[in-house]
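Data block below; observations after.
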Amino acid sequence: MDGTFGGGAAHFADVGLQTPAQNLARDRAALAAHAAGGPDSLTLHRFPASVSVGCHQTRAREAREDYCATTGIPVFQRGSAGGALYLDAGQQCFTLTVASDRLGANLSARLEAGAALVADALARLGVATEFKAPNDLQVAGRQKIASVFLADQGGSTQIFGCILAELDLKAAMQALLVPTEKLTVTGLEHARERMTSLAERLGRVPSGAEIGAALAAAVARLGLRLEPGVVQAVALEADTATDDWALSGSRFETKDKVPGATLRVLMGLSAENRVEHLRFATDGHIAPADGLVRLAQALVGVDVADLAGACREWFTAARPDLAGFEAQDVVRMIDRAASKWRMQADLGLTPAQTSGLMLAGEGRDPTQVLAKASVMLVPYCAKPNWCKWRHTIDCVECGKCEVGDAYMLARDRNMEVVTITNFEHLADTLAAMKGAGVTSYVGMCCGEFFLKRHHAFRDSGMDAVLLDIEGATCYELKEENLAYAGQFSAEAALDLDAVQKVMAKVPVQPLARRPCLTGDTARVGERHHALVSGGCSACSCGKAAG
């Protein structure tokens with residue numbers, strides 16, 4: 001197999017199905033050997049049912065560890081970055097270890113080059129794909145069929161790739177702690193809109209030898225001459241590291257989502273407002289690989305007032321290579337975490353309540369966002385399922401649940417308040433709010449919804465303070481598709497204490513500034529503002545009541 005760009009021998013082997021420990025040990029040895037002057041290599045391998053967590057992630061936020069422990073599914077941290085994966089024997093994995101400059105000048109370029117090799121292999125098998133930055137390949141621009149991740153060491157790069165030959169979606173949704181669909185035929189079909197496999201696209205399952213040959217032919221284009229051989233694995237030390245991501249003491253979490261990555265920081269501060277504990281987690285890529293650890297170490301001991309500036313200075317001095325996120329994304333998250341800490345002290349929030357505060361939009365200070373908030377959005381799943389108003393935009397404030405109390409808090413401040421009945425209604429309501437001149441609002445949703453549907457909040461062009469809801473969410477019960485359609489039957493709950501504390505920062509607005517979102521039809525709860533004739537007569541649009 002002579003490459004397009006010249007010669008160069010590389011070890012090539014298909015080791016078949018091996019344990020996670022065996023695969024990790026071999027990959028680690030291959031990268032270390034290459035960094036020490038050893039050979040390029042391409043190794044094909046498969047995993048038993050297991051969860052692979054990216055090297056910068058925290059297991060506590062990626063895997064359903066109780067379920068995995070009960071069912072005997074190992075959860076392990078791989079050497080490459082990127083997101084968590086459910087792996088099994090139906091997926092063809094590979095590890096390519098080469099000089100970094102063969103693939104590109106930076107992480108983003110190397111990830112795209114690695115994805116291009118997989119796209120070439122898939123094309124040889126008869127499946128056309130498109131690259132979705134930073135590390136996925138999709139069919140028809142919507143269904144993921146493969147992913148690539150990487151690890152760097154010195155001038156060496158190791159690409160870890162996974163091709164979905166067959167897809168056991170039900171098992172994946174049970175093992176991964178990600179938004180999941182109801183495990184029924186309807187729910188699984190909904191999830192399959194976002195994932196596919198070679199078996200589905202080709203109507204057959206290609207053999208490992210066939211997939212391997214396609215990968216080998218694609219990789220040979222790098223100028224490698226593939227020859228039989230495998231890097232010998234080295235024994236791994238026992239993994240005694242603990243995944244300490246607990247909200248203990250003063251520690252609280254701040255999370256954010258940007259188009260290419262999820263970002264998290266766990267922070268604890270002393271009584272003197274100095275950082276005592278800091279840890280980052282992301283499914284993005286960073287080089288050097290310990291960059292986020294170095295950043296955390298640099299920020300320990302810093303006063304909370306100087307935190308964002310110190311974070312910015314570190315990125316300016318260190319200049320790490322990033323893929324999936326940018327330095328300004330981390331600085332913004334740190335700035336928001338510092339603001340949440342000040343709000344925690346001001347309002348008496350618990351660490352859990354502080355973690356439950358989520359910020360959307362460009363605003364970094366929740367106090368400033370709340371000062372201008374003119375709308376409250378409440379999810380219908382927070383209403384009792386016996387409530388006749390559960391699937392309507394209104395609430396009669398009967399006093400039998402926390403939603404009525406939240407409505408009253410909003411109406412007492414002359415805010416517009418709307419129950420969101422499904423995902424399409426959320427999109428329509430956000431658009432109406434933007435059209436009415438709303439600049440900021442208060443909302444409630446679960447953290448999983450915030451991360452998965454962050455684009456809806458981000459693209460609205462408004463700032464928001466969102467409070468995490470508690471109890472039985474659609475993500476824990478695997479009924480996400482029902483929730484989006486407005487048919488979720490279980491009940492979540494508002495943390496009314498947190499709502500009351502946060503709403504204390506929302507001032508009473510003049511009634512004439514209340515946005516017009518619901519038209520001039522009389523609404524059930526409007527009697528609380530003595531709008532006897534109907535809903536629109538005293539809001540900002542100035543229409544006469546119908």
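If the requirement is being in a helix (DSSP H, G or I), modelled with pLDDT of 90 or more and touching a Gly at 6+ places or on another chain (Cβ under 9 Å), which of these qualifies: V378, V369? Spell out the reasoning first.
On the way: V378 fails: in a helix (DSSP H, G or I).
It is V369.
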Note: among V331, V275, V265, just one is surrounded by 15 or more Cβ atoms within 10 Å (Cβ to Cβ), of a type in the set (V, I, T), on the phi < 0 side of the Ramachandran plot and in a helix (DSSP H, G or I), namely V331
Residue count for region 120-147, restricted to those that are in contact (Cβ under 8 Å) with a residue 40 or more places away in the chain and not acidic (D, E): 15
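For a quick check of your reading: which helices (runs of 4 or more DSSP H) sit entirely within region 15-130 and have at least 1 residues that are modelled with pLDDT under 95?
On the way: elements: 20-35, 65-71, 107-125.
Once the helices (runs of 4 or more DSSP H) in region 15-130 are filtered for at least 1 residues that are modelled with pLDDT under 95, what remains is 20-35, 65-71.
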I'd like to check something: does region 390-397 contain any residue that is at pLDDT 85 or above, over 22 Å from H454 (Cβ atoms) and in contact with a helix residue (DSSP H, G or I) (Cβ under 9 Å, 6 or more places away or on another chain)? no
Consider A140 against the criteria (1) farther than 14 Å from V219 by Cα; (2) of a type in the set (G, A, S); (3) at pLDDT 95 or above: it satisfies all of them except one. Which criterion is unmet? (3)
Looking only at region 155-177, count how many residues are under 14 Å from A63 (Cα atoms) and crowded, with 19+ Cβ neighbours inside 10 Å. 5
Among the listed residues L359, L349, which satisfies the condition of being crowded, with 18+ Cβ neighbours inside 10 Å and in a loop (DSSP other than H, G, I, E, B)? L349
Single unsatisfied condition, W341 versus (1) free of Cβ contacts under 8 Å to residues at least 12 places away in the same chain; (2) surrounded by 22 or more Cβ atoms within 10 Å (Cβ to Cβ); (3) of a type outside the set (D, E): (1)
When restricted to F449, F457, the only residue within 23 Å of the chain's Cα centre (by Cα), part of a helix (DSSP H, G or I), modelled with pLDDT under 85 and within 21 Å of A406 (Cβ to Cβ) is F449
Here the residues within region 278-295 that are in contact with a helix residue (DSSP H, G or I) (Cβ under 6 Å, 6 or more places away or on another chain) and not in a strand (DSSP E or B) are L295
Which residue pairs have Cβ atoms closer than 6 Å, lie 6 or more positions apart in sequence or on different chains, and pair a first residue in region 16-33 that is over 14 Å from L87 (Cα atoms) with a second residue that is surrounded by fewer than 16 Cβ atoms within 10 Å (Cβ to Cβ)? A25/V234; A25/L236; A29/V234
Matching residues in region 308-326 - criterion: being in contact with a strand residue (DSSP E or B) (Cβ under 7 Å, 6 or more places away or on another chain) and crowded, with 17+ Cβ neighbours inside 10 Å: P320, L322, A323, G324, F325
Selection count, region 409-443, where residues are within 21 Å of P510 (Cα to Cα), modelled with pLDDT of 90 or more and in a helix (DSSP H, G or I): 6
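The values are calculated or read from the model by the stated rules, or taken from the named source; none is laboratory data. These numbers come from a predicted model, not from an experiment. Note that we place each Cβ from the backbone using ideal geometry, even for glycine, and neighbour counts take in every protein chain shown.
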